[in-house]
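The values are calculated or read from the model by the stated rules, or taken from the named source; none is laboratory data. Since the structure is predicted, the reported quantities are computational estimates derived from the model, not experimental observations. We place every Cβ from the backbone using ideal geometry, glycine too, and count neighbours over all the protein chains shown.
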Amino acid sequence: MARLDDLLSSPLFMNVPEDAVREAARAVTERTFPPGQALIEQDAAGEALHLITQGVVRVSRVSLGTRERVLGDLYAPAVVGETAVLSRQERSATVRAVTEVRTLMLHREHFEVILRRHPGVLWNLAALLAERVTALNDELIAFGQNTEAALAHILAHLYRQRLRAGVPGPAELPLTTADLMGRLSASRETVARVVRRLEERGLVRVTPQGVTLLDLAALEAVSVEEADPV
């Protein structure tokens, strides 16, 4: 019953016929990952996807210059690894557990059968991919403006993720300076300068525990016209 409930909460299996969920329940394998362990390694073969049923994972990618950039966090329920499974290519990023993470792992051969038999799952997959493309476009626009707009986008996006996942205190983001450096691909000095600007404008408050959002609407309104390039 718990496995069925987990599947029904997954973006892939919401509002689909019961037989599709039961077929998936027979095919998935339950996995548990302690904090710090990788669910998926960049450049590895993509033979299975993971339906994250509990916990938080961090997605990162190492560029050709061997510099790692944090692409973001995902909170349960979520799906990771579907792109490589669909394209039959290597993994494009590493996904690592931030907290203890539980997943339901679904191998390609079973996933393809489910997609062929149950169009509702295919529709959910298309909606998921479309949402990710939209999020990527928003990120590219923000990062193409300046560092302040990029940071504002990161903070607002993380808040919305935490809010949707039902995390207590969603505006209290557990982000250190090192975390922000990894997400912005920026130096410590640049991060400190940009955070200070946001603090001076009353948009955030920085504490030893992280960054607290004080004015979400104003943070989302930060644009290239309002902030000088850093």
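If the requirement is being within 30 Å of L173 (Cα to Cα) and exposed (fewer than 15 other Cβ atoms within 10 Å of the Cβ), which of these qualifies: P34, P17?
Details: P17 fails: within 30 Å of L173 (Cα to Cα).
Every option except P34 fails the conditions.
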Could you check how many residues of the range 34-47 are in a strand (DSSP E or B) and out of contact with any Asp or Glu (no Cβ under 7 Å at 6 or more places or on another chain)? 3
Might you let me know whether the range 13-29 holds any residue that is in a strand (DSSP E or B) and touching a residue at least 40 places away in the same chain (Cβ under 8 Å)? yes
Can you tell me which condition R162 does not meet? The list is (1) in contact with a Leu (Cβ under 8 Å, 6 or more places away or on another chain); (2) in the same structural domain as G182 (by TED's automatic domain parsing); (3) free of Cβ contacts under 8 Å to residues at least 24 places away in the same chain; (4) not hydroxyl-bearing (S, T, Y), and all the others hold. (3)
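Quick check: anything in the range 86-96 in the same structural domain as L129 (by TED's automatic domain parsing), acidic (D, E) and modelled with pLDDT under 95? Show your work before the answer.
Here is the first cut: in the range 86-96, the ones in the same structural domain as L129 (by TED's automatic domain parsing) are 86-96.
Next, from what is left, pick out any that are acidic (D, E): 90.
Retained after the next criterion (residues that are modelled with pLDDT under 95): 90.
Within the range 86-96, one or more residues are in the same structural domain as L129 (by TED's automatic domain parsing), acidic (D, E) and modelled with pLDDT under 95.
In the same structural domain as P34 (by TED's automatic domain parsing), touching a strand residue (DSSP E or B) at 6+ places or on another chain (Cβ under 6 Å) and crowded, with 20+ Cβ neighbours inside 10 Å: does that describe G72?
Details: in the same structural domain as P34 (by TED's automatic domain parsing): yes; touching a strand residue (DSSP E or B) at 6+ places or on another chain (Cβ under 6 Å): yes; crowded, with 20+ Cβ neighbours inside 10 Å: no.
Judged against the criteria, G72 is not a match.
Could you please find all residues in the range 174-206 being farther than 27 Å from S63 by Cα and over 24 Å from the mean Cα position of the chain (by Cα)? Steps first, answer last, please.
Taking the range 174-206 as the starting set, the residues that turn out to be farther than 27 Å from S63 by Cα are 196-206.
Within the range 174-206, R196, R197, E199, E200, R201, G202 qualify.
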Scanning the range 105-153 residue by residue, those within 30 Å of A25 (Cα to Cα), in contact (Cβ under 8 Å) with a residue 24 or more places away in the chain and acidic (D, E) turn out to be none
Identify all residues within the range 92-148 that are within 19 Å of R58 (Cβ to Cβ) and of a type in the set (S, T, Y); write none if there are none. S92, T94, T99, T103
